[in-house]
Amino acid sequence: MDQILYEVADKVAVITLNRPEAANAQTGALLDDLDAAWARAAADDGVRVIVLKANGRHFSAGHDLKDREWAPEKLTLEWIYSVESRRYLEYTLRWRNVPKPSIAAVQGKCIAGGLMLCWPCDLIVAAENAEFSDPVVHMGIGGVEYHGHTWELGPRKAKEILFTGRAVTAAEAEKVGMVNRVVPLGELEASAMELAGQIAQMHPFALRQAKRAVNQTLDVQGFYAAIQSVFDTHQTGHGNALSVDGYPVLMKLDGMKDKLKSQ
């Protein structure tokens with residue numbers, strides 16, 4: 001079964017995470033396919049808006065720690081840095097800067113690496129049951145690779161969710177401006193598509209200019225430099241974990257993700 005689905009209608013490209021049996025946990029192959037789908041939508045002159053959504057009860061449980069690619073015998077810090085700089089930093093920044101408006105439709109759990117799928121999108125529509133969390137401090141890591149926390153939540157709220165590992169509800173996320181709209185679960189896809197259809201009626205070059213204006217303003221304020229810098233800080237967490245027990249994280253969250261599959 002394809003892990004990523006892609007379709008276009010009425011000037012809107014819909015990219016769907018399609019690994020519901022694993023709560024859309026992200027393997028390397030899934031991320032590669034997802035990046036290819038983003039590139040396809042970016043290159044299609046018939047597409048004006050991109051919608052990212054997920055099949056199943058949860059948007060994404062984050063990185064799949066059972067991915068066979070992460071075989072213990074090759075987990076050197078050099079290998080980890082190379083893979084993560086490409087799949088977790090380069091991909092997310094590229095998606096952020098695709099010159100077309102993008103909308104993430106989020107339901108259920110959005111954990112750690114899941115944030116790296118919705119945060120690069122320009123807008124987020126969340127179901128009432130959506131919860132956003134980055135509990136990797138439990139694993140000896142200071143936050144996921146794309147460190148958008150401060151920009152998305154503000155410094156004090158960012159510290160709170162990192163220090164405690166707790167989830168941010170959809171209502172709370174809307175209150176701090178991380179989420180644009182919160183809707184009933186049954187209306188999530190329709191609401192996202194309605195918003196996409198409205199935006200798709202606008203002039204494509206004007207949309208591109210508007211997006212670039214906002215992104216460039218954030219970059220002038222330090223967004224791009226901060227993302228790059230904190231990525232390197234993230235790698236020190238992996239290095240510390242490797243030195244402690246020979247694995248790049250200090251505690252696996254497999255149990256949490258297995259629980260999600262049954263919900």
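The values are calculated or read from the model by the stated rules, or taken from the named source; none is laboratory data. No experiment lies behind these values; they were computed from the predicted model shown. We place every Cβ from the backbone using ideal geometry, glycine too, and count neighbours over all the protein chains shown. Only protein heavy atoms, including side chains, enter the accessible area calculation; ligands, DNA and RNA are left aside. Shrake-Rupley method; radii C 1.70, N 1.55, O 1.52, S 1.80 Å.
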**Request:** Could you pull out the residue among LEU65, LEU117, LEU34, LEU52 that is in a strand (DSSP E or B) and touching a residue at least 60 places away in the same chain (Cβ under 8 Å)?
**Result:** LEU52
**Message:** If ALA190 satisfies all but one of (1) open to solvent by less than 60 Å² (accessible area, probe 1.4 Å); (2) closer than 30 Å to THR16 by Cβ; (3) out of contact with any Pro (no Cβ under 9 Å at 6 or more places or on another chain), what's the number of the condition it fails?
**Reply:** (1)
**Complete:** Matching residues in the range 181-220 (farther than 19 Å from VAL51 by Cβ and outside any helix (DSSP H, G or I)) number 1
**Asked** Of the conditions (1) assigned to a helix (DSSP H, G or I); (2) touching a residue at least 40 places away in the same chain (Cβ under 8 Å); (3) not charged (D, E, K, R), VAL144 fails just one. Which one is it?
**Response** (1)
**Prompt:** If you scan the range 27-49, which residues turn out to be closer than 13 Å to TYR91 by Cβ and touching an Asp or Glu at 6+ places or on another chain (Cβ under 6 Å)?
**Reply:** GLY28
**Message:** Quick check on my filter: what residues within the range 5-27 are part of a strand (DSSP E or B), among the small types (Gly, Ala, Ser) and either touching a Leu at 6+ places or on another chain (Cβ under 7 Å) or within 14 Å of LYS109 (Cα to Cα) (or both)?
**Reply:** none
**Fill in**
Of the residues in the range 38-50, those that are under 18 Å from the mean Cα position of the chain (by Cα) and buried (at least 21 other Cβ atoms within 10 Å of the Cβ) come to TRP38, ALA41, VAL49, ILE50
**Message:** Condition first: open to solvent by 20 Å² or more (accessible area, probe 1.4 Å), touching a helix residue (DSSP H, G or I) at 6+ places or on another chain (Cβ under 7 Å) and either within 22 Å of ARG208 (Cβ to Cβ) or of a type outside the set (D, E, K, R) (or both). Can you find one or more residues in the range 105-121 that meet it?
**Reply:** no
**Message:** Between a residue in the range 236-249 that is over 10 Å from GLY140 (Cβ atoms) and part of a helix (DSSP H, G or I) and any residue that is modelled with pLDDT of 85 or more and among the small types (Gly, Ala, Ser), which pairs come within a Cβ distance under 8 Å, given they are 6 or more apart or on different chains?
**Reply:** none
